[in-house]
Amino acid sequence: MRLFSTCLATRRSMVVAVGDLAQVRREPLVVVRAPTLDDPFFVSLASTGHSVRHSSRDVGFVSRSWAYSHKPSAESEIASKALGLDNDGQALLTAAELNPAVLDHLARFDGAVNRNMFTNRTRLAAIYPHFRDAKARNISIREAAEWAFGTDPSPAELYATHSYLMRNPKWFNPIGGALSSAADAEDARFSLQDETDVEDLVWIEKQAKGTKPGKELESFLEKASILVNKASVSVSDGGESNENELMAQLEFSESDQRFIRAIQSAAYAPSTPYSQNPYTDLVNRGILSRLPCGYSNRPSFKSSNSGPTASGRGSDALRLLKDLGVIAQWENASVAAAKGDFILDSVDGHGITDWADEAVEESKMWADRLLRESPPFYTAGSPSEPRAVGMDVKAPRSESLACAIRERTVAPLSDPTDTFPLQDAFESKRRDFGDMPVYVIDSPTAQELDDGISIEKTAEGIWMHAHIADPTAYLPPSHPLSVLAQLRGGSMYLPERHYPMLPDILSTARFNLGKSHCAMTFSCRLGADGEIVDYKVAPSIIRNIKILHYRTVNQVLDWSQVYGMSKAPEDRMPWVNKALKELQMSVNSASPAQQLDEKSVSELKDLQKLAYSHLQMRISRGGFSSDQPSLSVKVSPYPLPISPQSPKRPFEFSKSQPAPPLVMLDPNQANHLEPSSNLVSECMILANRVASKFCADNNLPAIYRGQNPLKPAGEHQAIVNEALDSVDPISGVMPYNHFRGILPFFSSASITTVPAPHFSLGIRGRSSPMVPSNPNHQSSSDSNDFIGYMKVTSPLRRYKDMMLHWTMKNHLLGKRDVLFSQDTVLRLATRLHELEKRMDKVSNASEKFWALEWIRRREVLWRSGAAEDVVYAGVKPDVDGVGIAMPSDVRGKYVVWSDDYRRNCEWGLARGAQWEASMSNRCLQPVYQFVLNSNQGSSKFGLGILGDLGGVFARVELKSRRFPGEVFSCVVDTVDPAAGVLVVKEL
């Protein structure tokens, strides 16, 4: 069931400005002050004159410049004086250049809205049946208002229509953050709920209403009570055998499934001030309140993040799904919360759409045929005449998948084909690099080896080459496999599983640089100043591939350029000290001669020198990176099985999986602290610049990335200048505290179809010269500059990179007709950029979930009375019957087994004699280093990160007044992975 899976987790900020009429928490307000550095919230006034502080995310509807469009009347002037505005309200209106009479206009507007909703209630109520009968799948606010009120609806009529749609989630659902994604509020779109889903809701309403539940609900509650009690009672409390016999007989009926779907909706998309889910109240009132073990009065944490369990009792509904055995106890709900998100609806395995699984299966079918019937190019022993591969027998696509392809993809301007190429189109044009060593540097666990680097000394100078995997050698842009990749848009990686754009088997067995000899090579020569002076783009053949690990390469590179090396330990952030210590220990632990020959060592050092000269050029133009911690979380087994969408019986991990998953946390993933990572990163920046120059020089329709300069208000220019001056001149890294200080002035990365400047990379663009905010940084613009920036280095996991490869190849073949028009590129770029942001959000939420789960398990071990060597480094053989391995001081070995999840008590441990005994035997509680980001003007609470644990975000309870940037010790007070909540206490 897709009902009411609203896009709460992905709601974006609506563009709001002073003078706008904005709906905030269902009340019309006038915006009178924009956020400032000191106060990051808008301030708006109600018709009564009281002020409301809010963020742009709180805004549900906007009428642009509404306050400035009304000329104050004498009557309004008199009414506004009667309000008795205080001095603060008067000052806000004066600063916004607004007459106090605007508040009387606001009161009249509110009255007009209410009158419109009452007098047109019959017409409004007929919106759903009218558009349903017209077979409309979705409607805009304007379309609905024009049907209800007539052509050219007024702002009050548009507002009334919006309010009606939002108050009736039984029939309407905002699409993909529609309230903020539309250019104008009246263009925001709502989908019409399916009639079957509406019938389900009506049926459940009848079952849940009144003091006595309906027959089917009563039967479900009996089963649920048994399962909840089972999950809450310790094994040592007895009664296990009888309960197991009863559990073995439990099955979920069809009516049970309807209740379960309602609970899933309430868990994954609880009601918020932005949108109402009718199932939230139904589940709370009709199910949760009738269950034992505290469900009727259990408090819920509230997270500062959006998503499941962010507000209301979503955490209770999610907990119930686990207690019922509908999902595994360790299930990460981040992906399930994306249900209903138009952007992420191609994610398979979770029932988000009825066509996503079909699309993946079709892709796998094509991948299998490619591997079986189309031999790899340029491989010894391959047949000289590979034959075309078509589909002999093809099951017809469902209408839902066909419709998704029509609505979400754009077709290239080439003939569609269901055959793979007879031979490589560049067979006579590829440059063969022969025995030249190509260094593919990645982590030991990497599967997609999609880039390599090499160096070539010629009479004209030294060439640097970046070799990128070339799946387009085998995939025409109009082939069904390519179309399905476009539908997916990109790969999404989570700690417990991933969702590949292309089938894994193709990436690992055919397109991977460790398997394929086909590459797209981006080459350049650098001048004495580090700038590119010449470039080439060519499909290529690479044969001598050397796969190396980052740490192997670290052993031979120069560490003097790494951030923090020249600083004293007391002047570094906690993560810098920890990472540098452990990285250098690994460098000293092995001999590079055992793994790299003399030539390889020499070439890698030369590549590092050239890459560093390019970095220095970018730094001179204002480019910089930030000193921020990061972590890596992995889960084993990988991938974790996905809980079934409609389970017939309760899930039992002992039968489906031998043990709860292992969580491995590595807090030292700050890539800017490794010379090998810096080398690869700079070479990829060079490749992306070369591609941008090639597309710009040849006027090819392409997707460029840009970033505008910082735009602080005048009084904050000094803060920006100080931050830019703090950039380390050797590594180009800005210290953490300075970077945090200028974040409010940053522009997010933009997508354009012309070469645009990229401020933080120090790259100029065609649209305007790079103008740093700090006058000490160089700035110039020349027609021969290597302008603009794009991404082309990950075609195995980003469709837009594949598209750019096709575009460049098409030009290199001398074809005049483009594959993708400029308009098509812009449409596609917009969707893919939004998709990339959504995937990053889900990925970050999942990483946080597992990081908090790791912290929770460690706290459970400490609170259970484990010995100090167990909590900090050792292994405890048995905790509640499950083995637990705790962190050691060796990087990459931060592992912990799950505690027994089947508890409904504090910290997953049963209260009783064992609990009390463990309190007296506890060792020192695990301590973390907290870096304060903000105290929000309070001396009691603040926000920040755990600096020695990869930057996990947390709220801190302070013992005394602290200031941003301070580092101090803390211990865990509260951790709730499902709600994304971590609260710590200062020691």
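The values are calculated or read from the model by the stated rules, or taken from the named source; none is laboratory data. Quick caveat: nothing in here was measured; it's all calculated off a predicted structure. Ideal geometry is used to build each Cβ from the backbone, glycine not excepted, and the neighbour counts take in all protein chains shown. Please note that ligands, DNA and RNA were not included when accessible areas were found on the heavy atoms of the full protein model with its side chains. Shrake-Rupley method; radii C 1.70, N 1.55, O 1.52, S 1.80 Å.
Here are the numbers for the structure shown:
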quantity	calculated
The range 438-463 residues that are in contact (Cβ under 8 Å) with a residue 60 or more places away in the chain and part of a strand (DSSP E or B), paired with ones that are open to solvent by 40 Å² or more (accessible area, probe 1.4 Å) and among the basic types (Lys, Arg) (beta carbon under 6 Å, 6 or more apart)	Tyr439/Lys546; Gly461/Arg525; Trp463/Arg525
Strands (runs of 3 or more DSSP E) contained entirely in the range 108-224, each with at least 2 residues that are under 30 Å from Leu288 (Cα atoms)	172-174, 189-192
Counted residues, the range 729-751 - those being surrounded by fewer than 19 Cβ atoms within 10 Å (Cβ to Cβ) and modelled with pLDDT of 90 or more	3
In the range 132-161, the residues that are in contact with an Asp or Glu (Cβ under 8 Å, 6 or more places away or on another chain) and touching a residue at least 40 places away in the same chain (Cβ under 8 Å)	Arg132, Ser140, Ile141, Arg142, Ala145, Leu158
Answer from Ala395, Ala411 - the residue that is under 35 Å from the mean Cα position of the chain (by Cα), of a type outside the set (Val, Ile, Thr) and modelled with pLDDT under 80	Ala395
Set Met790, Met808, Met803, Met839: member being within 29 Å of Phe746 (Cβ to Cβ), at pLDDT 95 or above and assigned to a helix (DSSP H, G or I)	Met803
Test: residue in the range 225-236 that is among the small types (Gly, Ala, Ser), farther than 28 Å from Lys648 by Cα and at pLDDT 65 or above	no
Residue in the range 128-139 that is surrounded by fewer than 18 Cβ atoms within 10 Å (Cβ to Cβ), in the same structural domain as Trp66 (by the TED database) and farther than 24 Å from Asp197 by Cβ present	no
The one condition in (1) within 25 Å of the chain's Cα centre (by Cα); (2) at pLDDT 90 or above; (3) open to solvent by 40 Å² or more (accessible area, probe 1.4 Å); (4) within 19 Å of Pro667 (Cβ to Cβ) that Gly892 fails to fulfil	(2)
Test: residue in the range 415-431 that is out of contact with any Gly (no Cβ under 8 Å at 6 or more places or on another chain), within 12 Å of Ile545 (Cβ to Cβ), at pLDDT 95 or above and open to solvent by 20 Å² or more (accessible area, probe 1.4 Å)	no
In the range 937-960, the residues that are open to solvent by 60 Å² or more (accessible area, probe 1.4 Å), at pLDDT 90 or above and either more than 14 Å from Glu986 (Cα to Cα) or of a type in the set (Asp, Glu) (or both)	Phe953, Glu957
Residue in the range 819-835 that is out of contact with any Lys or Arg (no Cβ under 6 Å at 6 or more places or on another chain), hydrophobic (A, V, I, L, M, F, W, C), assigned to a loop (DSSP other than H, G, I, E, B) and not assigned by the TED database to the domain that holds Pro977 present	yes
Within the range 696-729, considering residues that are of a type in the set (Val, Ile, Thr) and in contact with a strand residue (DSSP E or B) (Cβ under 9 Å, 6 or more places away or on another chain), the one farthest from Pro35 (Cα to Cα)	Ile703
From Ile468, Ile462, residue being among the hydrophobic types (A, V, I, L, M, F, W, C), at pLDDT 95 or above and farther than 14 Å from Arg798 by Cα	Ile462
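Conditions (1) buried (at least 16 other Cβ atoms within 10 Å of the Cβ); (2) more than 29 Å from the chain's Cα centre (by Cα); (3) not polar (S, T, N, Q), marked per residue:
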residue	(1), (2), (3)
Gln608	yes, yes, no
Ala611	yes, yes, yes
Asp627	yes, no, yes
Ser676	yes, no, no
Glu682	yes, no, yes
Arg705	yes, no, yes
